[in-house]
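See below for the structure under consideration.
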Amino acid sequence: MNQPGPRFWEVFFEVYESLPRQGPGNRACAARALGLCRELPQSPAILDLGCGVGGQTLHLADMASGSLVAIDSHAPSIERLKAAIAKRGLAQRVSAIVGDMARPVQPLGSFDLVWSEGALYNIGLRNALHVCHGLLRPGGYLAFSDAVWRKANPPPVVKAAFDLDYPTMGWLEDDVATIQDCGFELVGHFTLPDEAWWDDFYTPMEARIAELRVKHANDVEASATLDQLAEEPDVHRRYSDFYAYEFFVARRPLARARADMAEALEQQHAADASRSAPIGELDDHAGMTYPHTRR
């Protein structure tokens with residue numbers, strides 16, 4: 001299949017940048033997921049990965065105190081979010097930056113909550129979960145949504161759409177297994193209701209596409225792109241029983257952190273003992289530092 005050209009992406013972003021959000025979700029779902037993070041500190045440090053224009057970022061800022069950093073690779077989306085942050089007077093505790101969520105520059109172990117709605121799959125779910133695990137403090141929470149299959153043997157139009165956008169998409173039990181394999185404890189999960197697809201996503205998308213059909217009536221390439229983008233809500237309208245978005249809340253375990261701390265203390269005590277040993281008993285490698293490999 002041919003890769004989309006520059007004109008496709010121009011029209012794509014002309015549609016998507018105007019939307020309240022760039023994927024399924026709503027404030028009620030965000031509140032439900034946040035409610036599962038029952039042991040967050042009073043003023044948590046939050047990171048929103050793949051924030052888009054920040055619809056969910058602003059919901060989080062309303063529902064949680066503390067600091068919030070939002071990251072997306074698309075600079076125009078970040079500029080729009082910055083404007084919304086300034087308009088709401090949130091600049092003292094909410095920041096939006098252009099960045100690569102596969103290689104975040106934030107220090108490891110610096111967040112109480114990592115949030116990502118419909119974005120982690122872009123860098124591979126397993127890889128993304130490892131990134132998130134490293135960014136969280138011990139006991140910190142990960143809340144993310146991801147597409148999953150609900151029924152086998154989807155119609156060709158559905159299979160083709162997901163083969164193009166998310167070829168590794170699995171079933172609910174696959175995501176649960178991956179979460180646990182990556183060192184998380186699963187706290188809970190729920191399926192997004194149909195209104196979370198339509199109210200802030202597909203309904204405004206279809207309205208925006210209708211506007212742009214008028215604007216680009218004489219532009220064959222733009223019109224073809226709009227036809228292609230219009231297929232997504234139409235497929236969902238007809239075949240949404242075959243797939244879903246699931247919201248997961250998981251936690252980086254405290255027990256593992258305590259074990260790591262105990263191991264580090266034991267190593268420190270051993271190092272102290274070797275330094276205090278008689279000179280003739282010192283190991284040839286005493287004083288050298290080796291990287292600690294987490295298993």
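On the basis of the beta-carbon distance and an R0 of 35 Å, Leu108 and Arg150 show a calculated FRET efficiency of 0.45.
Counting neighbouring Cβ atoms within 10 Å and putting the fewest first, the residues Cys51, Cys132 line up as Cys132, Cys51. The order of Thr168, Thr203, going from fewest to most other C-beta atoms within 10 Å of their C-beta, is Thr168, Thr203.
Over the chain, DSSP H runs of length four or greater, each weighted -39,500 (n - 2.57), average out per residue to a 222 nm ellipticity of -14000 deg cm²/dmol. Does the range 54-96 come out rounded, prolate or oblate, given a ≥ b ≥ c as the square roots of the eigenvalues of its C-alpha gyration tensor, rounded meaning a/c under 1.5 and, failing that, prolate meaning a/b above b/c? Prolate, since a/c reaches 1.5 and a/b exceeds b/c.
Please work out whether the range 81-201 counts as rounded, prolate or oblate from its C-alpha gyration tensor, where a ≥ b ≥ c are the square roots of the eigenvalues and a/c under 1.5 means rounded, while otherwise a/b larger than b/c means prolate and anything else oblate?
oblate
Mean silhouette area of the chain, derived from the convex hull of its C-alpha atoms and averaged over all directions, reads 19.5 nm². Sorting Leu254, Leu58 from the fewest to the most surrounding beta carbons within 10 angstrom yields Leu254, Leu58. Length available on full extension from Ala210 to Asp181: 0.36 nm per residue minus the Cα-Cα distance, which gives 6.0 nm.
At an R0 of 45 angstrom, the distance between the Cβ atoms of Arg38 and Tyr239 translates into a FRET efficiency of 0.80.
Annotation: extensible slack from Val157 through Leu254 equals 30.5 nm (criterion: 0.36 nm per residue apart, minus Cα-Cα distance).
Each value in this text was obtained by applying a stated rule to the coordinates, not by laboratory testing. Owing to the predicted nature of the structure, the values given are computational and were not obtained by experimental measurement. As a convention, Cβ positions derive from the backbone with ideal geometry for all residues, glycine included, and neighbour counts pool all protein chains shown.
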